[in-house]
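The structure appears right after this line, and notes come after that.
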Amino acid sequence: MRVQSQPTQPFAGQQPGTSGLRKKVTVFQQPGYLENFVQALFDVLHGVDQPASGQTLVLGGDGRFHNRTAIQTILRMAAARGYARVLVGQGGILSTPATSVVIRRRGAAGGIILSASHNPGGPDGDFGIKYNVANGGPAPEKFTQAVYERTQVLEHYLTVDAPDLPLDAPGTQALLATEIEVIDPVADYAAVQRALFDFDAIRALFARGFRLRYDAMWAVGGPYAKAIIEGELGAPAGTVVNAEPREDFGGLHPDPNPVYADDLVAHLMAADAPDMGAASDGDADRNMILGRGFIVSPSDSLAVLAAHADRVPGYRAGLAGVARSMPTSTAVDRVAKALGIPCHETPTGWKFFGNLLDAGQATLCGEESYGTGSNHVREKDGLWAVLFWLNLLAVTGGSVESLVRDLWRAHGRCVYSRHDYEGIATESANALMAALREQLPSLAGQTVAGQRIAWADDFAYTDPVDGSVSRQQGVRVVLEDSSRVVFRLSGTGTEGATLRVYLERHEPDATRHDLPVQQALAPLVQLAEAVARIRHHTGRDAPSVTT
Ligand code: VG1
Ligand code: CO
């Protein structure tokens, strides 16, 4: 067994997006494609062809098609780079939040997560790779840009000529001088959750007959939810459904929203609905929360958790601050104001929360895209959010719906929706955004679709910790009553472009809190069409996904 230098050529487009490099499986299956990216990553981390002496790397994925092949490739390349140790999840499995936990608890230098998250899997689906740094969080933009630049000039990669390693049982083996330790994917993660939440109170809740339906969407969240919710917390067997990770997610889209988790929604809308519903995505960092006959908007979920955080052991001392991505509703801002704590507004993508969490400026973070998390890790954490809700229900005696209605009563309702136009031509999407940006200087003061625009801009963010600036993070059009429409292009898709239109209107009047969301937002939809000419640019009359 020895180190080999394999000649290679650059592949175009190995540019990480909002969360890692995502492409079709068939793209990743090209000889050298994954190898190039990993070589570039290691070159940026350690210097060109330099060894990773003494360092520990964490490695795992969401179990989707091509996961096992990619893990073996990366193990060989890590051994060639002289890592002291690689901690790999049993069967190649590690959820995104669990990877973050393992990096932090085991003092690793970083971790590689193989996942395209909520994107569909299988031979014709998507694959992805992302790198997390020593704090357990996604690598910052400056770093991923350097990796991309390195992919464009590569001439070879380093690997070893070794057969595949068995990864289905815990234990330690050697690959050259690198120790490969196969770890239980759940143990470290469960220990962290146990320290945060009142497991006794949640156990008592289930013992009283509380009914939960947790839909793991045939993805990596299943083993975690089974072990913790059914195993430790005593929920009846069958509480966690679709729990075995499948390479193709059962042919479904592992995206926990009312459109793709429609089966879960149907259960919660039924006459004999359980008390609570929940779902997580492909890599288990997202969550959706439902009550009986009630769907919780992710922005409201973040605000509810923030409002009651001091009822949970891990947050008893209160919150240092909260943070939300720019398109996320301002519900949490209102809670933060009442609590007298800062609320930070960041660009879309969890990597922007890392510095705030490290610096102790934020304790809870969230995104409108079904992502919630805290300073316990540096990723969003789907099951964590479910445990947080369970803990709150156990100690407040309220229901999912009553906690959200309390929030609306106290702060008004931030009526919210996101309209996605998926798979549109990249040129059309770029033209739409360019036309929007061109109008920006003249929008303020104009009346469009009967509504007066107070201001408009292209969101730019200066990181308060390291001073780095991120521009063009979404066009905001804001009305005088603070209602707003935000436009941005997705950075996680693999086909054409996806336009996201985010709509928010604050409704202080409690008698209007039950108006259907799309009806309450109809004027903003008209504004969006008038300003952005979506139909003209995309040829679409309606969004493909509304959440
Ligand atoms: C989407 C979401 C964003 C999230 C990202 C990764 O990005 O909007 O909020 O952080 O996915 O989530 P975009 O660029 O497509 O809008 V996940 O669960 O894929 O790690
Ligand atoms: Co995800």
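The values are calculated or read from the model by the stated rules, or taken from the named source; none is laboratory data. Model, not experiment: these values are computed from the prediction. Backbone-built Cβ (ideal geometry, glycine too); neighbour counts: all protein chains shown. To get the accessible areas, we keep the full protein, side chains included, count just its heavy atoms, and leave off ligands, DNA and RNA. Shrake-Rupley method; radii C 1.70, N 1.55, O 1.52, S 1.80 Å.
Hey, if you put +1 on the Cβ of every Lys and Arg and -1 on every Asp and Glu Cβ in the chain, which of V27, G539, L503 ends up farthest toward the positive end of that dipole?
Value: L503.
Around V377, with a cut-off of 11 angstrom between Cβ atoms, what is the net charge of the other residues, counting Lys and Arg +1 and Asp and Glu -1?
Values: positive: R104, R105, R378, K380; negative: D188, D285, E379, D381.
Local charge sum for V377: 0.
Computed over the Cα atoms of the stretch 408-517, what is the ratio Rg over Rh, Rh following Kirkwood?
Working: Rg = 16.1 Å, Rh = 15.8 Å.
On the Cα set of the stretch 408-517, Rg over Rh gives 1.02.
As a test question: what accessible area, to the nearest 10 Å², does V147 have when a 1.4 Å probe is rolled over all protein chains in place?
Using a 1.4 Å probe on the heavy atoms, I get roughly 0 Å².
Rounded, prolate or oblate, given the Cα gyration tensor of the stretch 302-421, with a/c below 1.5 counting as rounded?
Details: a/c = 1.41, a/b = 1.12, b/c = 1.26.
Rounded is the answer for the stretch 302-421, as its axis ratio a/c remains below 1.5.
Cα centroid distance between the stretch 66-105 and the stretch 31-55, in Å?
Cα centres, the stretch 66-105 to the stretch 31-55: 14 Å.
Computed FRET efficiency, Cβ-Cβ of R535 and M1, R0 45 Å: what is it to the nearest 0.05?
Details: r = 60 Å, r/R0 = 1.34.
About 0.15, to the nearest 0.05.
So how do 97-110, 489-502 stack up, highest first, on mean other-Cβ count within 10 Å? Kindly include the intermediate steps, with their values, before the conclusion.
Working: 97-110: 23.4, 489-502: 19.4.
Output ranking for 97-110, 489-502: 97-110, 489-502.
What is the distance, in nm, between label points placed 7 Å from the Cα along the Cα-to-Cβ direction at Q173 and at E141?
Each label point lies 7 Å from its Cα, and together they span 4.2 nm.
Any idea which of Q446, L87, A429 is furthest toward the positive side of the dipole for the chain, if Lys and Arg beta-carbons carry +1 and Asp and Glu beta-carbons -1?
Of the options given, the answer is Q446.
Among the lysines, which fall within straight-line cross-link reach of K142, defined as a Cα-Cα distance under 28 Å, with same-chain neighbours fewer than 8 residues apart omitted?
Partners within reach: K23, K24, K130, K351, K380.
Can you give me the orientation-averaged projected area of the convex hull built on the Cα atoms of the stretch 48-126, in nm²? If you can, show how the numbers build up before the last one.
Details: hull surface 21.8 nm².
Its Cα hull, projected and averaged over all orientations, spans 5.5 nm².
Determine the share of the chain's accessible area contributed by carbon and sulfur atoms, expressed in whole percent, with a 1.4 angstrom probe.
Working: 9670 of 19620 Å².
Looking at the chain in its full context, I get 49 percent from C and S.
Suppose every K and R has +1 on its Cβ and every D and E has -1 on its Cβ; what is the size of the dipole of the stretch 397-464 about the Cα centre, in Debye to the nearest 20? Write down the numbers at each step before the final one.
Numbers: 6 positive and 9 negative charges, 91 e Å.
Here the size comes out at about 440 debye.
In whole angstrom, note down how far apart the Cα centers of the stretch 187-234 and the stretch 478-516 are.
Result: 33 Å between the Cα centres.
For the stretch 1-124, what relative contact order do you get, as a whole percent, if you take Cα pairs closer than 8 Å and at least 6 residues apart? Don't skip to the end; give the middle numbers.
On the way: 151 pairs, mean separation 37.1, N = 124.
After rounding, I find 30 percent.
To the nearest 10 Å², what's T144's accessible area with a 1.4 Å probe?
T144 exposes around 40 Å² with every protein chain in place.
Would you mind working out the magnitude of the charge dipole of the chain relative to its Cα centre, with +1 at each Lys and Arg C-beta and -1 at each Asp and Glu C-beta, to the nearest 20 Debye? Let's see the in-between values first.
Details: 48 positive and 60 negative charges, 139 e Å.
It works out to roughly 660 debye.
Express in whole angstrom the spacing between the alpha-carbon centres of the stretch 406-447 and the stretch 272-298.
26 Å
I'd like to check one number: the per residue accessible area of the stretch 396-438, probe 1.4 Å, reported in Å² as a whole number.
Working: 1730 Å² over 43 residues.
Per-residue accessible area for the stretch 396-438 comes out at 40 Å².
Run the 1.4 Å probe and let me know the accessible area of T447, rounded to the nearest 10 Å².
90 Å²
Return the distance in nm (one decimal) between the two label points of a simple spin-label model at H513 and T26, each offset 7 Å from Cα along Cα→Cβ.
In this crude label model, H513 to T26 measures out at 5.1 nm.
According to the square roots a ≥ b ≥ c of the eigenvalues of the Cα gyration tensor, what is the shape class of the chain, taking rounded for a/c under 1.5, prolate for a/b larger than b/c otherwise, and oblate for the remainder?
Taking the square roots of the gyration eigenvalues as a ≥ b ≥ c, the chain is oblate.
Determine the sum of side-chain charges near M276: Lys and Arg each +1, Asp and Glu each -1, restricted to other residues whose C-beta is under 9 angstrom from that of M276. Don't skip to the answer; put the middle values down first.
Numbers: positive: R211, R213, R292; negative: D275.
Spelling it out: positives minus negatives among the neighbours equals +2.
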